[in-house]
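Data block below; observations after.
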Amino acid sequence: MEKTKKKSNKLNLIICGIAFVVMIVYLLFVDKIDHVVGALKSINPFFIVLCVLCMAGYWVCEAISIYVILKPLHPKIRFGQCWTNTIIGQYFNCITPFASGGQPMQAYYYVQGGVPLGAGLTALLSRFIVFQFALTVYSVFTLIFGINRFGSELSQKGLLPFVFVGFVINTAVIVFLLGIALWKNGTLKAANALITLLAKMKIIKNPLRKRLYITREANKFFTNFKFIKKNAWVIIKSCFFTFMQLTLSFTITYLLCIGFNKDPGSYLKVISYQAYVNMITSFIPLPGAIGGAELGFSGFFNEIFGDYTGVAMMMWRILTFYLPILVGIAHILTMRNKGYKEPSNMEAMENLYKMEQAAIEEENND
């Protein structure tokens, strides 16, 4: 079992590599090599530089958002440590389904760097809640202001139902988290009733395991919400940098539009479309939402990029998916040179469980 766990990340990385090759081959087959080369020559390199800077800013904002939470809990924390852990988290999020591998690995490296168990978990959970909240608010904003302006276009393309499904799923996550904060027992009862219903419909298996998982997660988040209530200003600052992070990510597509000398229509339209792509593809059970992300981008931006859609999609994926993988690998190799051993998935999960227990014990002692 352990040997299988150790191989899983390598397998996911291989899948990402194969997906990259397939994307390139498909692009050359559909768009023809002369057209692809011509499109790449036409883009203004200045805007590619701006896109890379946006990605760097994206990482910086995430590092700051967790740094401002962790600093009161562990005053000795250095920003550089949060930066390194952010890149490592991005890397493992990219190569694992549902972006599930980042948090356990970040927890491991925080503890290895001297961060107390309870402090590390509190910071990571708070950051998760902040990100979900920011993404949901962003989704609400783009739906309210975006649908009124170009909802008919989405409806004609048949994309509007997918937008609403993505919005409902992301909203359900934040509603569940708020339910735990405000009404823990009632939320658990509702979740267990839903699991029972889905089990009877043969949609899920092992309902007991699902109930145990939900109960454990609920207890973990309920404990963490006590910290959030006591440190509202810290969370507000983290939210601000998370909104900046999302905006920088969504702006990359707008810069690609300008770089290809295409008319994006409006900045609001582009970032709304990009938010919709993220909402729809965030729950595809493949590393980096492989396949769904490419199809989503092409579906939403085909009208804007025209015959450059395939090349623009490739550039977007390289910047937002494959670049974090390459940068993450470089950081992991650097950590190895410093004497940090890369853990297996099982070791990282066990470490995260210890952090959870430590955080709950600290809260009970208080």
Check your understanding: Inside the range 74-120, can you point out the residues that are hydrophobic (A, V, I, L, M, F, W, C) and open to solvent by 20 Å² or more (accessible area, probe 1.4 Å)?
Key -> F79, W83, F98, A99, V111, L117
Check your understanding: Which numbered condition trips up N224, out of (1) of a type outside the set (D, E); (2) surrounded by fewer than 17 Cβ atoms within 10 Å (Cβ to Cβ); (3) touching a residue at least 12 places away in the same chain (Cβ under 8 Å)?
Key -> (2)
Review point. Out of all the residues in the range 150-197, which are more than 25 Å from the chain's Cα centre (by Cα), at pLDDT below 85 and open to solvent by less than 60 Å² (accessible area, probe 1.4 Å)?
Key: F150, G151, E153, G158, K184
Point to revise | Candidate set: the range 269-292, residues that are in contact with a Leu (Cβ under 9 Å, 6 or more places away or on another chain) and of a type in the set (G, A, S); chosen: the one nearest to L246 (Cα to Cα) | key: A275
Study note, to complete from the structure: If we keep only residues of the range 250-270 that are modelled with pLDDT under 95 and polar (S, T, N, Q), then the residue surrounded by the most Cβ atoms within 10 Å (Cβ to Cβ) is S266
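Picking from I88, I18, which residue would you name as being modelled with pLDDT under 90, part of a helix (DSSP H, G or I) and closer than 25 Å to H331 by Cβ?
So the residue among I88, I18 that is modelled with pLDDT under 90, part of a helix (DSSP H, G or I) and closer than 25 Å to H331 by Cβ is I18.
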Check your understanding: Counting just the residues of the range 91-112 that are within 20 Å of T122 (Cβ to Cβ) and among the hydroxyl-bearing types (S, T, Y), which one comes out modelled with the lowest pLDDT?
Key -> S100
**Study point:** Residue within the range 272-279 that is at pLDDT 90 or above, of a type in the set (A, V, I, L, M, F, W, C) and open to solvent by 30 Å² or more (accessible area, probe 1.4 Å) present
**Key:** no
Practice item. Return the only residue of K262, K269 being of a type in the set (K, R) and in a helix (DSSP H, G or I). Key: K269
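The values are calculated or read from the model by the stated rules, or taken from the named source; none is laboratory data. In this text the structure is predicted, and so the values were computed from the model without any measurement. Glycine gets a Cβ as well: all are built from the backbone with ideal geometry, and neighbour counts include every protein chain shown. For the accessible areas, the whole protein counts, side chains as well, though only heavy atoms, and no ligand, DNA or RNA atoms are used. Shrake-Rupley method; radii C 1.70, N 1.55, O 1.52, S 1.80 Å.
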